[in-house]
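A.B. asks: Starting off with a structure, shown below.
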Amino acid sequence: MPLSIVRPDLVVGLRRLLARRPALRWLVVLACAAVAASAVAGRISAADAVRTRWSTSRAVLVARRPVRAGTRLTADDIVTVRLPPAAVPDSAIAELADGLRARDDLSSGEVVLTGHTTTGDGPAALLPAGATGVGLPLPSTGWAPRPGDVVTVVSGADEVGLSSGGDAGAGGAGTVLTAAATVVAVTETGVLLAVADADAASVATAGATGRAVVMLRPSG
């Protein structure tokens with residue numbers, strides 16, 4: 001693409017016009033200075049913003065140790081640290097509120113976020129968005145589920161059971177009803193699972209007819 005060439009006669013004409021009219025000349029000078037000052041100010045402002053995001057700090061809560069879902073958080077579980085604002089998620093929590101509980105498992109060193117905690121009471125408060133609580137009977141044998149365990153639910157024989165692993169599709173074991181449900185609460189007779197809304201009806205039906213098999217998924 002050819003370069004545009006400024007006509008010399010236009011440059012000469014402009015110089016003569018500015019020479020005859022000093023006020024206009026100074027107006028042009030001031031306009032150019034204002035544009036330059038604005039550009040410089042913008043660069044300085046951007047640099048200051050970056051410097052602030054990394055040179056200042058913000059208090060956030062961080063898990064002191066691994067925490068299971070459903071745990072009521074205390075100073076033994078949580079520590080306050082200061083991090084650069086650029087390294088802090090928008091939903092990070094700054095203060096430990098009374099009654100705050102972990103909605104999900106927390107790893108050691110993890111920043112505590114509002115979406116991973118709740119101050120509500122009861123199992124319903126631990127259900128994440130997009131999940132429905134489904135209760136299943138707890139058999140007298142099998143592994144002991146704990147809040148925070150992630151499980152797979154399949155349709156099985158006419159008896160509810162729990163197993164500690166295995167292939168859901170092996171030997172006609174049944175259809176996978178939900179691939180990853182989270183144990184929310186456990187009682188002496190049953191277990192409450194947080195199941196994706198789209199899978200909740202089929203899991204509840206299998207549980208009501210005694211055909212739900214809950215399998216523990218490997219951690220991590």
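No value in this document is a laboratory result; all are computed from the given coordinates. Source: prediction; values computed, not measured. Cβ: placed from backbone, ideal geometry, glycine included. Neighbour counts: every protein chain shown.
A.B. asks: Step by step: find N for the range 58-118, compute 2.2 N^0.38 Å, then divide the Cα radius of gyration by it. What's the final number? Present the calculation step by step, with values, prior to reporting the outcome.
C.D. replies: Working: Rg = 10.3 Å, N = 61, 2.2 N^0.38 = 10.5 Å.
Cα Rg divided by the expected 2.2 N^0.38 Å: 0.99.
A.B. asks: Taking the Cβ-Cβ separation of residue 144 and residue 94 as r and a Förster radius of 35 Å, what is the calculated FRET efficiency to the nearest 0.05? Numbers along the way, then the final one.
C.D. replies: Working: r = 36 Å, r/R0 = 1.04.
The calculated FRET efficiency here is 0.45.
A.B. asks: Let me ask something additional. Give me the extension gain from residue 124 to residue 74: residue separation times 0.36 nm, minus the current Cα-Cα distance, reported in nm with one decimal.
C.D. replies: 15.9 nm
A.B. asks: Of 96, 192, 136, how do they rank once you tally other Cβ atoms within 10 Å and put the fewest first? Intermediate results must be reported in sequence, preceding the final value.
C.D. replies: Details: 96 16, 192 22, 136 25.
Listed from fewest to most nearby Cβ atoms, that is 96, 192, 136.
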